[in-house]
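The numbers here are math on the coordinates, done by the rules we state, and not lab data. For clarity, every value in this text was computed on a predicted model and none was experimentally measured. Here the Cβ positions follow ideal geometry from the backbone for every residue, glycine too, while neighbour counts run over all protein chains shown.
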């Protein structure tokens, strides 16, 4: 046994030495590499974003753009991907942080190594060169809630769902929603900030619980991309379609049936495809040492005249105007 | 003990194969010093947790520690909140760092002792007990931090642990290897190690032989808790912030590493060196897939395949079958 393991060890050491020796010759990469890292892969929202990254790649053959994402919704897993990509030596990182606070240390290391960092849905991220937002979060939350209030006739019990309590944008949306609901004194917020973890099944179970606990509930405002599906299914199965209002972030294609059934009142969204393209466009500009100035055109629909302000750190905050709120009547215009 | 040497050889071989393969698909960048450092830096947090799981498994009687990552987060969060309330991470960097580390380790050990007490005194099955304490620790961390991330900042000493290099090796990795060495020595050369393994092999015989069962169990889970505390320190040092829901996927990965390392789930056998190698193998594989730009779902698949392979190696003497000379000697 001892002899054998020594043989294997020696053989392996030699193999490593040979490979390591030949390593330098193969490192020929002259196109800038931009890696997009999403919160979780394999869900419709980020699949749509991937189409944007692919489109960007097609339009810009002078860069290499690809998308990565963890298989489980865990900030630690996303962190590992980012760490590995930094080590791989990409030129730009376009990250949609699962949890901005967890990524700060790693993104700082990336920036220290001269990597351009662009984030999305993280306007509190300190260690980033630019954070790209599709719209002003407070405006969006307010618009969602106003649509909900309109459906509820301005009165009744309502509740909110967020992806997780750490999802800053989600908290901003429901926060702005709550602020807006104050203008309708007869709207009563019950059991707010339910965590959905962007899981339609889990959300479905939770929504059923809420419907049992508050049989007289009139409205739901949801945040993560899959929430409307879970809550909508619960409303539909309870036979409450059209009686209970549901307004939340969602994609037109998966929501189509529930919108038609009246279980979902309206969906709000920004097109993740465009957001993916915008992030990559900003990364490309910054890699080329160009500046993104107030009113600049990123060449992406919804981002033709962006608002640029100072971010919470050294970087800038880039805000587009890509908000869409669609209901039964007009969702077909945005099918994706 | 027949197959245990085989496990070590297999692990070394797999690690080497992964290094070679990674180098091949990345055109060599996989073996660049920076990537090796980056991977070594990612390893300790999960490595500490895996050693904790191994210790609990060795104790036998269905021993397992599911509360590892929850306790790591709790120790980071509690320490950051408490220490942050009377020391500043900007003005008193050294004091803050030391106090933070001490605080996290104390919370870790206390959590571990709590597990040990429940399991040894109240005779709660470890899997249920640690599942319960896992939720308790997570809940406590949410309450203490009000569900938000707690900023630790980067005071000198702490940021050195998270980002610094010692002779080109990340300091967190050096700490990990040193602690792993200490635990290995503890298991090999102290009565505690012998008691733990023998008790895991046959709990009943251990009681009749007059082993201090309660003390051994408490010490085992306390050590596992201490390792969680260490993981908490490393997480805080690397990420600048601590958060109650960090690394929820680590729970199963830590168990996967322990099983891959040939730790017997029935108790009584486990080697630290194998756990370290298994952790390295998983790290290499996951980084390699990221390098190759493969989907992370492939990674889950590959890990599953690896796990099953190792279980097969543990059960049937595969290495022996492949190398006739060796199996003759051993039989």
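Provide the percentage of antiparallel DSSP beta bridges, counting only those with both residues in the protein assembly as shown; round to the nearest 5.
Bridges in the protein assembly as shown are about 25 percent antiparallel.
Among B:182, B:43, B:66, which one moves the most in a GNM of chain B with springs linking Cα atoms closer than 10 Å?
Checking each option, the largest mean-square fluctuation is seen for B:182.
Evaluate peptide A:96-108: per residue, the Cβ atoms of other protein chains within 10 Å of its Cβ; return the mean as an integer.
Mean shielding by partner chains, rounded to a whole number: 5.
Over chain A, what is the mean sequence separation of C-alpha contacts under 8 Å (at least six apart), divided by residue count, expressed as relative contact order in percent?
This gives 18 percent for chain A.
Given R₀ = 35 Å, what would the calculated FRET efficiency be for residue B:160 paired with residue A:334, taking r from the Cβ atoms and rounding to 0.05?
Between residue B:160 and residue A:334 the formula returns 0.10.
At each listed q (0.08 Å⁻¹), what is the log10 of I(q)/I(0) that the Debye formula gives for the protein assembly as shown modelled as equal alpha-carbon point scatterers?
Scattering profile of the protein assembly as shown, log10 relative to I(0): -0.65.
Over the range A:55-206, what relative contact order in percent results from Cα pairs under 8 Å that are six or more residues apart?
16
Mind checking the mean number of beta-carbon atoms from other chains within 10 Å of the Cβ atoms in B:20-28? Write down the numbers at each step before the final one.
Numbers: counts 6, 1, 1, 8, 3, 0, 6, 8, 9.
Mean shielding by partner chains, rounded to a whole number: 5.
For Cα pairs less than 8 Å apart in space and 6+ apart in sequence, what is the mean separation divided by the residue count of chain B, i.e. the relative contact order in percent?
It rounds to 33 percent for chain B.
If the elastic network links every pair of Cα atoms under 10 Å, which of A:31, A:274, A:305 fluctuates the most in the Gaussian network model of chain A?
Largest GNM mean-square fluctuation: A:31.
Can you grab the distance from the C-alpha centre of the range B:151-218 to the C-alpha centre of the range B:104-128, Å, no decimals?
That distance is 16 Å.
For chain A, count the residues as N, evaluate 2.2 N^0.38 Å, and divide the Cα radius of gyration by that value, please. Let's see the in-between values first.
Values: Rg = 22.7 Å, N = 336, 2.2 N^0.38 = 20.1 Å.
Normalised by 2.2 N^0.38 Å, the Cα Rg of chain A equals 1.13.
Which residue fluctuates most in the GNM of chain A (Cα springs below 10 Å): A:102, A:33, A:174?
Top of the fluctuation ranking is A:102.
So if R0 is 45 Å, what FRET efficiency would residue B:143 and residue A:314 give, r being the distance between their Cβ atoms, rounded to the nearest 0.05? Each step should come with its number before you reach the end.
Working: r = 34 Å, r/R0 = 0.76.
According to the calculation, E is roughly 0.85.
Summing -39500 (n - 2.57) over the DSSP H runs of n ≥ 4 in chain A and dividing by its residue number, what mean residue ellipticity at 222 nm do you reach, to the nearest 500 deg cm²/dmol?
Counting only the DSSP helices, I get -14000 deg cm²/dmol.
Would you please put B:72-84, B:225-237, B:197-209, A:285-297 in order of how densely packed they are, using the mean number of other Cβ atoms within 10 angstrom per residue and starting with the highest?
Ranked by mean Cβ neighbours within 10 Å, highest first: B:225-237, B:72-84, B:197-209, A:285-297.
Using the alpha-carbon centroid of each, what span in Å lies between the range B:232-246 and the range A:263-336?
When both Cα centres are located, 31 Å separates them.
If you take the square roots of the eigenvalues of the alpha-carbon gyration tensor of the range B:1-150 and sort them as a ≥ b ≥ c, do you get rounded (a/c under 1.5), prolate (a/b over b/c) or oblate? Walk me through the numbers on the way to the answer.
Values: a/c = 2.67, a/b = 1.23, b/c = 2.17.
Taking the square roots of the gyration eigenvalues as a ≥ b ≥ c, the range B:1-150 is oblate.
Only bridges with both residues in chain A count here: give the DSSP antiparallel percent, nearest 5.
Of those bridges, close to 15 percent are antiparallel.
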